[in-house]
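Undergrad: The structure that follows is given in the form of C-alpha cells.
The values are calculated or read from the model by the stated rules, or taken from the named source; none is laboratory data. Since the model is a prediction, treat every value here as computed from it, not as a measurement. Virtual Cβ from ideal backbone geometry, glycine too; neighbours counted across all protein chains shown. Accessible surface areas use protein heavy atoms only, side chains included; no ligands, DNA or RNA. Shrake-Rupley method; radii C 1.70, N 1.55, O 1.52, S 1.80 Å.
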Amino acid sequence: MIHSLFLINNSGDIFLEKHWKSVISRSVCDYFFEAQEKAGEPDNVPPVIRTPHHYLINIYREKIFFVSVIQTEVPPLFVIEFLHRVAEMFQDYFGECSEVTIKDNLVIVYELLEEMLDNGFPLATESNILKEMIKPPTILRSMVNTITGSSNLGATLPTGQLSTIPWRRADVKYTNNEAYFDVVEEIDAILDKSGTTVFAEIQGVIDACVKLSGMPDLTLSFMNPRLLDDVSFHPCVRFKRWESERVLSFIPPDGNFRLMSYHVNAQNLVAIPVYVKQNISFFESGSSGRLDITVGPKQTMGKTVECVLVTIHMPKVVLSANLTATQGTYTYDPVTKILVWDIGKLNQQKLPNLKGSLSLQSGAPKPEENPSLNIDLKIQQLAISGLKVNRLDMYVEKYKPFKGVKYVTKAGKFQVRT
C-alpha cells in the first residue's frame, strides 16, 4: 500500500517525510519535480506519476504537495482520498494546514500519521477517534508536556474504535443540542466573447456541525434531489436508503464533518450568476491598447453578489495600465503582468465599469491573443443549482435540537474569454 509520504512546499523543499515500511530515498521525488516543471501551475501536476519502480500519487492543498510513494498497483482514488483526509486532519487539529503549523507541531503530526496508517494501510481516519487517542494541542497542554516530558497520546483505546459506528464517540452529552448544515456550491464555467456558455458545472458539498447528545438517528430530505449527479457520502450515510428514497439517513459523527459532495453536470441546470461585457483591443499602429469591462448580476434569484474580483493575465508586452474604475479599486503588477480589479458588492442600479488605456512595449508586435478574465464571487443564502433542504428529522433521542441550514455559492474556475 502506501510506503512513504513526502510533504513539499511551493519552493520544492521537502520539509517532512514519513516512512511506514522500508525507507525510500528522497531522490524518488525527482520524478515529481520533473512533472511539476512541465505542468507550470501547481493545479496542473498529474495526480499519478509513474516511475520505473514506484507510483507517485499526489494532491495539492494549501500550497503544499502531499506526495505518497506506492510500490504496487492500488486504486489511485483510494490513496487520493486518504491524502485529503490527512490534510483535513491537520486543518482540524491545528486550525490551518500550512508549512509553519506542521513544523510547529511535528510530534503530533508524526503521532497522527502513525495512527492513521498501520503498516501502509489506513486504520483510524475519523477525527473523533483520533482526538480520543491524540489530544489536540493547547498552550497549557504544551507547557505541561514540556515540563513533565509526557505526550499527547491517550492512555485508553477510544470507545468508537471497536464499535460498529467508529465515527461517533459513546456517551456524548451536550447542554445545547444543535445541528447545522452548510450547502456550499462552486460554479466552474467558461463563457465565450458573446457571453454564451461554453462549459458549466457545479461542484457542491454539504458540511455539517452536529453536536447532539446520545446516539441520534437523523434523516435529511431535499425538495429536488434528482438534480444531483456523482454523489459521494461520508461512511455514516446509509447508501441503500439514498438509492431507494433519495433521502440521507445517518447516525452523525460528533462535531464537524463533510456529509456529502456532489456534481451538477447538466448545463441547462447551471445558472450563470453574472454577465460580463468586455472589450480589450490592441492597436496595430502605436504602442497602446484599450480596455473596457462591465460586470452585472444575472440569475441570482434576488440575492446580492459579493466579493467580486476580476483577474486578467495581460500579455508580456503590456507595460502599464491607466484605468478608471467606477466602483472598487484596481492594481496592475508590471512584473507578473496581472491586473486585479476588486469590485466588492454588485449594485444592480449602477453597474461597475473599468476602462482606460494600456501602454505597450514600443516596437513589439501586437499580441496574438486577447487575455481571458477570471472571475471570483460569492453569493450568500443561495445554492445556484436550486438545491434546497426540505426537512431534518431525528429519531431514537427525544429532545428537540436547534436546526439550521445555510447556503453559499462561490466561483470555482470561472473564465470569460475576450
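Undergrad: Filter the range 183-196 for residues that are within 14 Å of the chain's Cα centre (by Cα) and either farther than 16 Å from Ile375 by Cβ or open to solvent by 50 Å² or more (accessible area, probe 1.4 Å) (or both) and give the result.
TA: Those that are within 14 Å of the chain's Cα centre (by Cα) and either farther than 16 Å from Ile375 by Cβ or open to solvent by 50 Å² or more (accessible area, probe 1.4 Å) (or both): Val183, Val184, Glu186.
Undergrad: So if I check each of Leu339, Leu358, Leu354, Leu373, which one is at pLDDT 90 or above, more than 31 Å from the chain's Cα centre (by Cα) and open to solvent by less than 40 Å² (accessible area, probe 1.4 Å)?
TA: None of the other options fit; the residue is Leu358.
Undergrad: Identify, please: which residue in the range 259-280 is at pLDDT 90 or above and open to solvent by 10 Å² or more (accessible area, probe 1.4 Å) and is, among those, farthest from the chain's Cα centre (by Cα)?
TA: Asn279
Undergrad: Considering only residues of the range 378-408 that are touching a Pro at 6+ places or on another chain (Cβ under 7 Å) and open to solvent by less than 20 Å² (accessible area, probe 1.4 Å), which is modelled with the highest pLDDT?
TA: Top of the filtered list is Ile379.
Undergrad: Does the range 70-90 include one or more residues that are loosely packed, with under 12 Cβ neighbours inside 10 Å and touching a residue at least 40 places away in the same chain (Cβ under 8 Å)?
TA: yes
Undergrad: Hey, another quick one. Scan the range 142-155 and tell me whether some residue there is modelled with pLDDT under 90, assigned to a strand (DSSP E or B) and either open to solvent by 80 Å² or more (accessible area, probe 1.4 Å) or touching a strand residue (DSSP E or B) at 6+ places or on another chain (Cβ under 6 Å) (or both).
TA: Yes, that holds for at least one residue.
Undergrad: State which residue is farthest from Met260 (Cα to Cα) when the search covers only the range 409-418 and only residues that are in a strand (DSSP E or B), open to solvent by less than 60 Å² (accessible area, probe 1.4 Å) and touching a Leu at 6+ places or on another chain (Cβ under 8 Å).
TA: Checked the range 409-418; the qualifying residue farthest from Met260 (Cα to Cα) is Val416.
For (1) touching a residue at least 60 places away in the same chain (Cβ under 8 Å); (2) assigned by the TED database to the domain that holds Pro297, each residue gets a yes or a no:
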| site | (1), (2) |
| --- | --- |
| Glu369 | no, yes |
| Ser372 | yes, yes |
| Val389 | yes, no |
| Val396 | yes, no |
| Pro401 | yes, no |
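Undergrad: When you scan the range 317-368 for strands (runs of 3 or more DSSP E) that lie fully inside it, which ones turn up with 2 or more residues that are at positive phi?
TA: Here the list is empty.
Undergrad: Here is a check on your reading of the model: is Val198 outside the structural domain of Glu81 (by the TED database) and either outside any strand (DSSP E or B) or over 15 Å from Met394 (Cβ atoms) (or both)?
TA: Answer is yes for this residue.
Undergrad: Does the range 202-227 hold any residues that are free of Cβ contacts under 8 Å to residues at least 60 places away in the same chain, open to solvent by 20 Å² or more (accessible area, probe 1.4 Å) and not in a helix (DSSP H, G or I), and which are they?
TA: Val205, Asp207, Cys209, Lys211
Undergrad: Right, next: For the range 20-47, what are the residues that are exposed (fewer than 14 other Cβ atoms within 10 Å of the Cβ) and closer than 22 Å to Thr72 by Cβ?
TA: Lys21, Ser22, Val23, Ser25, Arg26, Ser27, Asp30
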